[in-house]
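Here's the structure we're looking at; comments come further down.
The values are calculated or read from the model by the stated rules, or taken from the named source; none is laboratory data. Keep in mind that this is a model prediction, so the values were computed, not measured. When we count neighbours, we look across all protein chains shown, and the Cβ atoms used for this are built from the backbone with ideal geometry, even at glycine.
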Amino acid sequence: MARHDPTELAKAAYAAYGGSTGGKNYRSEPMPAWDDLGPAIQTAWEVAAEAIARRVLGLDKAGPSALMKRGASG
């Protein structure tokens, strides 16, 4: 199994999103820096990035990860 860091994947995904939108969020407002997002939004990006990694690695049938459970619990 390949190792991946959900935070680094999330940062890369967030940067890619910003790159494709000219640095604007869904409201066409400037996107904050990663460090300014706050823990809840960072966790949401991490959960999304980990879900994609698990799908790409063929691990998505193994059930939710600990990170996904952490995101769901608040």
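Cβ-Cβ below 7 Å, separation at least six or inter-chain, first residue in segment 1-22 and touching a residue at least 60 places away in the same chain (Cβ under 8 Å), second among the small types (G, A, S) and surrounded by 12 or more Cβ atoms within 10 Å (Cβ to Cβ): which pairs?
Note: pairs meeting the criteria are P6/A49.
Evaluate segment 55-69: report whether one residue or more is of a type outside the set (G, A, S), modelled with pLDDT of 95 or more and either touching a strand residue (DSSP E or B) at 6+ places or on another chain (Cβ under 7 Å) or not in a helix (DSSP H, G or I) (or both).
Quick first cut of segment 55-69, residues of a type outside the set (G, A, S) only: 55-57, 59-61, 64, 67-69.
Among the residues that remain, those that are also modelled with pLDDT of 95 or more are: none.
Checked against the condition, which is being of a type outside the set (G, A, S), modelled with pLDDT of 95 or more and either touching a strand residue (DSSP E or B) at 6+ places or on another chain (Cβ under 7 Å) or not in a helix (DSSP H, G or I) (or both), segment 55-69 yields no hits at all.
Which one is farthest from the chain's Cα centre (by Cα) among residues in segment 3-38 that are surrounded by 11 or more Cβ atoms within 10 Å (Cβ to Cβ), polar (S, T, N, Q) and not in a loop (DSSP other than H, G, I, E, B)?
T21
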